[in-house]
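Down below is the structure, laid out as structure tokens.
The values are calculated or read from the model by the stated rules, or taken from the named source; none is laboratory data. Model, not experiment: these values are computed from the prediction. Heads up, the Cβs are rebuilt from the backbone with ideal geometry, glycines too, and the neighbour counts pull from every protein chain shown. The area values use the complete protein model at the heavy-atom level, side chains included, leaving out ligands, DNA and RNA. Shrake-Rupley method; radii C 1.70, N 1.55, O 1.52, S 1.80 Å.
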Amino acid sequence: MSEGVAIVGVAESDLGVTNQTILGLQTQAITRALEDAGLTLRDVDGLATSGISRFSATQLADWLGIQPRWTDSTFAGGSAYEMYVARAAQAIRAGQATTVVISFASNQRSARSRSLAGVIEDHTPEAQFETPYAPLYPISYYAMVAQRYLHEFGATREQLAEIAVAAREWALLNPKAFRYGAGPLTVEEVLAAPMISSPLTVADCCLVTDGGGAVVLTSSERARDLRTTPVEVLGYGERTTNTSMTAVDDLTASGAAGAVADALARAGLAIGDIDVIEVYDSFTITVALTLEALGVCGRGEALDFIQDGRIRPGGQLPLNTNGGGLSYCHPGQYGVLLLVEAVRQLRGECGPRQVAGARTALAHGTGGIFSTHATVVLGVDR
Amino acid sequence: MNLSSVPAPDAITAGWWEATREHRLTVQRCGACSRAQHPPRSVCIHCGRTDALRLDDAAGTGVVDSYTVVYRAPFPHVEVPYAIARVRLDEGVVCLTRLTGAEPDAWRIGDRVRVDWVDLPDGRALPVFVPASG
């Protein structure tokens, strides 16, 4: 069932190594997405973004020279963009805005702004009780999740590597992917890559690239008059679970399950009804837990489940069809690019990586250290 | 061990850090519902009370819930490799910590551990964990 709101424009900024500024990349993504929709900046009266500055949406509005009726800068890492879809749909339905742009961009590779230590503010409990031990943030948390997962379910690093191998197979079909043309990745190469925080090697970790994206939303009614195939928002859900590395009792149980369940219930769909799935692959282990939260397999079964190649191109479960954060692009908060790919799949624009006849898609963002979880279900009539 | 600098205690955590000067590991417990939590807060996350929280001495023993060996230094002064862990204290709460007293890659999930201390320049001490049998 549609929420009465549709995505009518999507775009990426330049990706990879751009030597551009954050606002320059934001502008690329936003103007390209509006052009895709056949709209202009004058039509935009709602803006949702983060990762620019303390006043992200305000900063962006100033930069674009607009004075929006509605903004959101909820800071929830890579899941924020799926949360923004929910809030934008609500704002549009409530009549608070007619045309909302959701965007993100980062120049973290060009600017060398990524730190292995992460950003932990001095006044937070984590600064006193976690940072003194020097965990990598967020990598060491995901590494502890992986270690616990492998221990608890008797799985292996070889099995986990299949997630990175499959992502590379998809990236080889996407000319915009950072690893397009890099050739296939093997399980042996994943295991032999430099260890960062055991059991995760650099090949288990997402890329560090520049990049950004934008999506444009409006009412389904107005969408019918625009030039693109409207991609309806069918449902959404979210959970917020932790900032510390010690709050979650069971490392192998993700808050994603609740977010996914809410989103599917709103959409009136079951996971088996979804044709294409885009999930945040910050690390290989993130995908394993998310697959289980999606309910495509049981707890502890994800790695056995995917060994037959089902998440690779041509497999039964098309997943991360652009190559994901592992092999396509990872600008620090990847969530908006999950939406861009889901929409393109539903419009049938993906060329060699197109999932034939895709009519429903699910995008799931994960932020922080399995801290925030947000799901969006999308669909087209065709 | 080259640990990162440790911020000063605040109004909520002062008692916890004060105990570390005597190498006492404490856990915050709610007198109303009897349940424990870590790190110390100004509210009980189990029952919501704000007026019954106290610090109890912990046994100082626990089990490795999970761990990771870090091979890339997050700060220039930190020597790698080292083992970061979630240790579940016998009181039930989970602490983030370092595992010392054994080679970093010798650790396993489920290992029994006991607290040890790294003295800080300001007189406080940072709890780390070593093999329980050591």
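What residue, among those in region A:1-31 that are among the polar types (S, T, N, Q) and farther than 18 Å from A:GLY65 by Cβ, is least open to solvent (accessible area, probe 1.4 Å)? The qualifying residue least open to solvent (accessible area, probe 1.4 Å) is A:SER13. Checking each residue in region B:83-92 for being open to solvent by 10 Å² or more (accessible area, probe 1.4 Å) and more than 17 Å from A:HIS151 (Cβ to Cβ) picks out B:ASP90, B:GLU91, B:GLY92. Here is the figure for region A:339-364: residues that are open to solvent by 10 Å² or more (accessible area, probe 1.4 Å) and more than 16 Å from the chain's Cα centre (by Cα) total 12. Looking across region B:52-72 at every residue that is facing chain A (nearest Cβ under 8 Å) and open to solvent by 40 Å² or more (accessible area, probe 1.4 Å), the one that is nearest to B:VAL130 (Cα to Cα) is identified as B:TYR71. In region B:14-21, the condition of being modelled with pLDDT of 95 or more, farther than 23 Å from A:ALA127 by Cβ and either under 13 Å from the mean Cα position of the chain (by Cα) or more than 14 Å from every other protein chain (Cβ to nearest Cβ) (or both) is met by no residue. Specify the residue that is modelled with the lowest pLDDT; the eligible residues are those in region B:107-134 that are surrounded by fewer than 12 Cβ atoms within 10 Å (Cβ to Cβ) and over 21 Å from B:THR20 (Cβ atoms). Filtering region B:107-134 for residues that are surrounded by fewer than 12 Cβ atoms within 10 Å (Cβ to Cβ) and over 21 Å from B:THR20 (Cβ atoms), the one modelled with the lowest pLDDT comes out as B:SER133. Note on region A:143-157: among residues that are among the aliphatic types (A, V, I, L, M) and open to solvent by 10 Å² or more (accessible area, probe 1.4 Å), the one that is farthest from the other protein chains (Cβ to nearest Cβ) is A:ALA155. Every condition in (1) within 18 Å of the chain's Cα centre (by Cα); (2) under 21 Å from A:MET144 (Cα atoms) is met by B:PRO7 except one, and the failing one is (2). Applying the criterion of at least 1 residues that are more than 19 Å from A:ALA171 (Cβ to Cβ) and in contact with a strand residue (DSSP E or B) (Cβ under 8 Å, 6 or more places away or on another chain) to the helices (runs of 4 or more DSSP H) found wholly in region A:293-382 leaves A:335-347.
In summary, A:SER140 fulfils each of the numbered conditions (1) facing chain B (nearest Cβ under 8 Å); (2) surrounded by fewer than 23 Cβ atoms within 10 Å (Cβ to Cβ) with the single exception of condition (2). Could you tell me whether region A:227-235 includes any residue that is within 20 Å of A:ASP281 (Cβ to Cβ), among the polar types (S, T, N, Q) and in contact (Cβ under 8 Å) with a residue 60 or more places away in the chain? Looking for residues that are within 20 Å of A:ASP281 (Cβ to Cβ), among the polar types (S, T, N, Q) and in contact (Cβ under 8 Å) with a residue 60 or more places away in the chain, one finds none in region A:227-235, hence no. Answer with yes or no whether A:VAL208 is within 17 Å of the chain's Cα centre (by Cα) and more than 21 Å from A:ALA91 (Cα to Cα). So A:VAL208 fits the description; yes. Which residue pairs have Cβ atoms closer than 7 Å, lie 6 or more positions apart in sequence or on different chains, and pair a first residue in region A:116-143 that is among the charged types (D, E, K, R) with a second residue that is in a loop (DSSP other than H, G, I, E, B)? As it stands, the answer is A:ASP122/B:PRO7; A:GLU126/A:ILE120; A:GLU126/A:THR243; A:GLU126/A:SER244; A:GLU130/A:SER244; A:GLU130/A:MET245, since those pairs meet every condition given. Is at least one residue of region A:158-175 within 9 Å of another protein chain (Cβ to nearest Cβ), in contact (Cβ under 8 Å) with a residue 40 or more places away in the chain, crowded, with 17+ Cβ neighbours inside 10 Å and of a type in the set (D, E, K, R)? Looking for residues that are within 9 Å of another protein chain (Cβ to nearest Cβ), in contact (Cβ under 8 Å) with a residue 40 or more places away in the chain, crowded, with 17+ Cβ neighbours inside 10 Å and of a type in the set (D, E, K, R), one finds none in region A:158-175, hence no.
Taking region A:48-81 as the range and being in contact (Cβ under 8 Å) with a residue 24 or more places away in the chain and among the aliphatic types (A, V, I, L, M) as the test, the residues that pass are A:ALA48, A:ILE52, A:LEU60, A:LEU64, A:ILE66, A:ALA76, A:ALA80. Residue check: A:LEU34 meets all listed conditions (1) of a type outside the set (Gly, Ala, Ser); (2) touching a strand residue (DSSP E or B) at 6+ places or on another chain (Cβ under 7 Å); (3) open to solvent by 50 Å² or more (accessible area, probe 1.4 Å) but one, namely (3). Scanning region A:98-137 for residues that are facing chain B (nearest Cβ under 7 Å), among the aliphatic types (A, V, I, L, M) and either under 30 Å from A:ALA37 (Cβ atoms) or open to solvent by less than 50 Å² (accessible area, probe 1.4 Å) (or both) yields A:ALA117, A:ALA127, A:ALA134, A:LEU136. Residues that are within 8 Å of chain A (Cβ to nearest Cβ) and either more than 17 Å from A:ALA117 (Cβ to Cβ) or touching a residue at least 24 places away in the same chain (Cβ under 8 Å) (or both) within region B:75-103 comprise B:PHE75, B:VAL78, B:TYR82, B:ALA85, B:ARG86, B:VAL93, B:VAL94, B:CYS95, B:THR97, B:ARG98, listed in sequence order.
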